[in-house]
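Since the structure comes first, as structure tokens, the remarks are kept for the end.
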Amino acid sequence: MQKLVKFSRLLSVLPLLFLAGCNMVVMAPSGDIAVQQRDLIVISTVLMLLIIVPVIFLTLLFAWRYRRSNTAAAYAPEWHHSTRLEIVIWAAPLAIIIALGAVTWISTHKLDPYRPLDRLDAERAIPADTKPLTVEVVALDWKWLFFYPELGIATVNEMAAPVDTPINFKITASSVMNSFYIPALAGQIYAMPGMETKLHAVINREGEYEGFSANYSGAGFSHMRFKFHGLTREGFDAWMAKVKQQGTMLNRDAYLTLEKPSEKEPVRYYAGADADLYDAILNMCATPGKMCMNEMMHIDMMGGGGKESAENREKLQYDNRHAGEGVVEPGATVPATGVPAKAEPPRNSGGSMQHDMPGMQGMPGMDMQHDGHSMPGSGNGADPAPTQLNNNN
């Protein structure tokens, strides 16, 4: 009997041991957006527990009350209906579902990552003279590249931001889809090649926080992590000065070397970066000689370039950019993962981007904007589409 008591005590302590080793940053965040998301989790859980706890309790109560050995319990085999009981059974869950739906609907719009911030935290609005910090994020294999376009610097696997300053993230990827996630700051946002997603957030407390990819992207996924520093304005200025002092130049050649798949990449600083490099990555034309996607979209929007644009095919091939690094059959495309594709899909003679973008084969057309998630922009002018556009990138 004593052994049974000791065993039951051990079982009661085990959950605490597991929780002690967990990082509860999601439930104790340091950014206002993450705090609101935490509150939504708590409210939703409490609303659901209003049904779950009574149901579990009553299940145990009825099992004990109407057990076979309890001959004192009422026995009514002909009973089949109770209006009062039906009202309670249906009205309570319905009221909770309505409340949960209302909370979710309001929070979904209020916490839209594309929506600019309207406050620093629950007690403070954003001052009128506050200038947001813009950070352009690129998910590479398997590291993170951060551009600070207004500051003229860039970093790898490390970023920083001043406390109580809104941050406007622009997020894309160079090859496969990833997910940008800093749990202490805000929820995860996908990073996809050829597309730009957005996130607005603010960090309210100083500290060093973990950032990582939350979407599996190949062999180096486990080490695709970075540090996010929440700093005072003076600390951020000092960090920026260190980047400029220790950094090198990030030009096209340096980027193409950095872009190649690598694991456990160290922190790198760049004191300067080509002004149009992020846009070139977004439009899949960082490699010299490639046509930018927004140029091809403009050609398609204007009706296509005709048969004469067949030579654009080579300029639009993207996922074979590492083909020379291994033995590959002629004509095969090689994704950034290094695994050759089984066969090259047919392409039309017009060189339309819908046949040459990764994952877009066979689609009858592409929308340039869908639900606020925009593809790289195309011109709206009335000029006729050229057969091909020059690319000096």
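Here are the numbers for this structure:
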{"item": "Filter result for residue 208 (of a type in the set (Asp, Glu) and not in a loop (DSSP other than H, G, I, E, B))", "result": "yes"}
{"item": "Cross-chain or 6+ apart pairs with Cβ under 8 Å, segment 265-287 first and surrounded by 18 or more Cβ atoms within 10 Å (Cβ to Cβ), then among the basic types (Lys, Arg) and in a strand (DSSP E or B)", "result": "265/143; 278/170"}
{"item": "Search result, residues across segment 164-180 that are open to solvent by less than 10 Å² (accessible area, probe 1.4 Å), more than 17 Å from residue 204 (Cβ to Cβ) and in a strand (DSSP E or B)", "result": "171, 172, 173, 178, 179, 180"}
{"item": "Candidate set from segment 188-212 (those that are under 24 Å from residue 285 (Cβ atoms) and small (Gly, Ala, Ser)); member that is surrounded by the most Cβ atoms within 10 Å (Cβ to Cβ)", "result": "191"}
{"item": "Of residues in segment 235-250 being not polar (S, T, N, Q) and not in a helix (DSSP H, G or I), the one surrounded by the fewest Cβ atoms within 10 Å (Cβ to Cβ)", "result": "249"}
{"item": "Any hit, segment 148-163, residues being closer than 26 Å to residue 213 by Cβ and surrounded by fewer than 13 Cβ atoms within 10 Å (Cβ to Cβ)", "result": "yes"}
{"item": "Hits in segment 131-144 (condition: in contact (Cβ under 8 Å) with a residue 60 or more places away in the chain and closer than 16 Å to residue 194 by Cα)", "result": "136, 138, 139, 140, 141"}
{"item": "Residue count for segment 181-197, restricted to those that are assigned to a strand (DSSP E or B) and closer than 18 Å to residue 36 by Cβ", "result": "6"}
{"item": "Candidate set: segment 282-310, residues that are touching a Ser or Thr at 6+ places or on another chain (Cβ under 6 Å) and hydrophobic (A, V, I, L, M, F, W, C); chosen: the one modelled with the lowest pLDDT", "result": "310"}
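The values are calculated or read from the model by the stated rules, or taken from the named source; none is laboratory data. The shown structure was predicted, so the numbers you read here are calculated from the model rather than taken from an experiment. Counting neighbours? That spans all protein chains shown, and the Cβs are built from the backbone with ideal geometry, glycine included. The area values use the complete protein model at the heavy-atom level, side chains included, leaving out ligands, DNA and RNA. Shrake-Rupley method; radii C 1.70, N 1.55, O 1.52, S 1.80 Å.
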